[in-house]
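Read the structure below first, then the notes.
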Amino acid sequence: MQKKEKEYDEFGRVIRENRSALKRERQEIKLFVMELLKLPAKQYALLPLSPVTQAAFIEGKRLSGNAFQRHLNYLVRLISEHDIEQIRYAHQTVNHPYLHHDQKNQRILREIDRLLADDPDIFPELIALYADFDIQYVRQLCRAEQKYRQAQAMLPEEERGHRIGKHQRRLQQYLHHLVLKKSAE
């Protein structure tokens with residue numbers, strides 16, 4: 001292990017790093033890493049993490065005790081090599097679907113209504129709004145939901161279900177978990 005070269009100020013005194021400030025920063029990162037460990041394993045792919053870091057998070061989920069503490073320190077080192085602010089932003093937009101709960105839900109419901117009404121302008125807007133928008137999957141869900149609604153309309157009034165179809169729920173979940181593009185904030 002190499003020692004760092006000493007830095008000096010203008011008076012010739014050695015400049016020492018503030019260890020307590022570094023420890024506080026590491027503690028904040030450690031709390032964030034513990035929050036990330038609570039996520040389902042499939043959501044690590046949605047964060048801007050390297051494959052090694054994703055594998056380390058998945059490995060950290062099964063550990064306990066002292067092994068978990070050692071692995072937590074390893075994860076803190078791995079995360080500090082990445083852009084932490086970018087990871088925090090992705091974590092907030094992807095993994096906190098109830099952040100700005102009412103506004104986000106209302107926007108998504110308006111988008112779904114426009115999708116199911118075959119609005120021709122909605123797809124370019126959604127492509128501009130969301131980072132990884134899968135147009136084919138959304139069209140497939142819309143077609144399936146429209147078929148479900150047509151089948152419900154054919155049934156007598158007392159037999160109709162007054163709840164939303166499973167395809168509309170999937171569409172809502174899909175739009176809920178998409179990451180907004182930075183320009184759309």
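Only one residue in K23, K6 is farther than 30 Å from L178 by Cβ, basic (K, R) and not assigned by TED's automatic domain parsing to the domain that holds Y89, so which one is that?
K6
Please work out which residue is modelled with the lowest pLDDT, limiting yourself to region 1-30 and to residues that are surrounded by 10 or more Cβ atoms within 10 Å (Cβ to Cβ) and among the aliphatic types (A, V, I, L, M).
So, considering only residues that are surrounded by 10 or more Cβ atoms within 10 Å (Cβ to Cβ) and among the aliphatic types (A, V, I, L, M), the one modelled with the lowest pLDDT is L22.
Does E35 satisfy being loosely packed, with under 15 Cβ neighbours inside 10 Å, within 24 Å of H177 (Cα to Cα) and either within 17 Å of the chain's Cα centre (by Cα) or not assigned by TED's automatic domain parsing to the domain that holds H176 (or both)?
yes
Of (1) closer than 29 Å to F133 by Cα; (2) modelled with pLDDT of 85 or more; (3) among the β-branched types (V, I, T), V94 satisfies all except one. Which?
Only one criterion is unmet by V94, namely (2).
Hey, among the residues in region 135-185 that are of a type in the set (K, R) and at pLDDT 75 or above, which one's nearest to P40 (Cα to Cα)?
The residue in question is R170.
State which residue is modelled with the highest pLDDT when the search covers only region 46-60 and only residues that are part of a loop (DSSP other than H, G, I, E, B) and surrounded by 14 or more Cβ atoms within 10 Å (Cβ to Cβ).
By that ranking, first place goes to L49.
Would it be correct to say that R110 is within 26 Å of the chain's Cα centre (by Cα), among the charged types (D, E, K, R) and farther than 21 Å from T93 by Cα?
Against the criterion (within 26 Å of the chain's Cα centre (by Cα), among the charged types (D, E, K, R) and farther than 21 Å from T93 by Cα), R110 does not qualify.
The values are calculated or read from the model by the stated rules, or taken from the named source; none is laboratory data. As the structure is a computational prediction, the values presented were derived from the model and not from experiment. We place every Cβ from the backbone using ideal geometry, glycine too, and count neighbours over all the protein chains shown.
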